[in-house]
1. Ala105's amide H: which non-local residues (gap 5+, or another chain) put their own amide H closer than 5 Å, with H modeled 1.01 Å from N in plane and none for Pro or chain starts?
2. Calculated from DSSP H runs of 4 or more alone, at -39500 (n - 2.57) each and per residue, what is the 222 nm mean residue ellipticity of the chain, nearest 500?
3. Helix by helix through the chain, keep the DSSP H runs that span 15 Å or more along the axis on Cα and average at least 0.5 on Kyte-Doolittle, and give those back in order.
4. For the stretch 40-76 and the stretch 348-371, compute the distance between their C-alpha centroids and round to whole Å.
5. Could you please state, rounded to a whole Å, how far the C-alpha centre of the stretch 278-324 is from the C-alpha centre of the stretch 149-204?
6. What order do you get for 192-201, 103-112 when each peptide is scored by the mean count of other beta carbon atoms within 10 Å, highest first?
7. Quick one: dipole size for the stretch 1-51, taken about the Cα centre, charges +1 on Lys/Arg Cβ and -1 on Asp/Glu Cβ, in debye to the nearest 20.
8. Need the C-alpha centroid separation for the stretch 214-264 versus the stretch 107-144, integer Å.
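What follows is calculated from the coordinates using simple rules that are stated; it is not laboratory data. Worth saying up front: this structure is predicted, and the values here are computed from it rather than measured. Cβ placement follows ideal geometry from the backbone for every residue including glycine, while neighbour counts extend to all protein chains displayed.
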Amino acid sequence: MPKQDRLSGNEAVAFALRQIDPDVIAAFPITPSTEIHQYVSLFKANGEMTTEFVTVESEHSAMSTCVGAQTAGVRAMTATSSCGLALMHEVLYIAASSRLPIVVAVVNRALSGPININNDHSDSMGSRDAGWIQLYSENAQEAYDNMLMAHRIAEHPDVCLPVMVCQDGFITSHAVENITLEDDAFVKAFVGEYRPAKYLLNPAEALSVGPYDFPAYYMEHKMLQTLAMERAEAVIEAVAADFGRATGRHYGLLEAYRMEDAELAVVLMSSSAGTGKVAVDRLRAQGKKAGLVKLRSFRPFPAAAVGKALAGVRAVGIMDKADSFSAFGGPLGAEVRAAMYEAGLRAKAANYVYGLGGRDVRVEDFYEVFAELEKATDGGKIPAHRYLGVRGLEGGAKQ
């Protein structure tokens, strides 16, 4: 039977790892994900896990260990943050192009420099094109649930791609929340055994791993990765549906919050959605038709679902916890605008870069965004791209 507990996001992810009990966990510490490996090492020392717990000398080695283990034919995992994920960058591409369903817990933290240990999404957004599925978690419950679903998604024969399960550093990872934990037997049955179709230590089949890919074949192999990422949308929804039927907790590619008749909406990811929902509820109480779209999956990017969710809005604020130094703000802004264009939507759109380096986002900040969106629907102009909550620089607006 499920049980109720109080855990931080890091504890919740570590508890999920204990229940999954993968064959190999490669561990190297970095704030704020260190606790995950710390808790796992305690589970291992107490005899609660059979996993091979490998302490390595760097995050590059941690991902290389996962690649080696998964190639050999076993399930492998790790956890990291910020510069640790950046140090893995080379091997992330190898894992994805080798079609290895590795799962990594990413505790999002600003990427240096200047050095900063607090939350934003610059680390995982810096790896958004490495070929990994990326799932983002609003709270500890969702981080736990995403970790339980991640292996089913990654290992599905239509996918065979690695997965990042992301949560916000310190905001989610260290805050203690009420959480529902499934029992060990359910987790074992839901996740299932890893049975790779091809693996290096199979004595019945010769296999070459990591060969040179000639120009005559390279593009076709990259296209196969793209097709697998596209198929992952349906797999994510199918796995989430199975999980919802079993637990009563329902997920999908995105969550449309009070969007049934919304005229003004914000689009965002992770923990800020909780603050945004409070703002939406208060604005609704004032008679304003506000709504919120929270993306759970950034890769694959659910363009059709985003277009459908925003179909009735007149103005949308796209909120990025990372900048891409482009003409129009952050990476989420570019993706959502493309999805709106493809869906034929003519709503006014503005991109807000916020929360960099851990700067707080408050309910009042959402009021400011919705006020600007409302002004735009009345014929006013809003900047295509601005920084929210920044001091000076004329409010951070860019026309």
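1. Sorted by chain and number, the residues that satisfy this are Thr78, Ala79, Thr80, Val165.
2. Values: 13 runs with 161 residues, N = 399.
Roughly -12500 deg cm²/dmol at 222 nm, from the helical runs in the chain.
3. TM-like helix candidates: nothing returned.
4. One Cα centre to the other: 39 Å.
5. What the calculation gives is 27 Å, centre to centre.
6. Ranked from most to least packed, the peptides come out as 103-112, 192-201.
7. Numbers: 4 positive and 6 negative charges, 19 e Å.
Once rounded to the nearest 20, the dipole reads 100 debye.
8. Taking the Cα centre of the stretch 107-144 as reference, the centre of the stretch 214-264 is 18 Å away.
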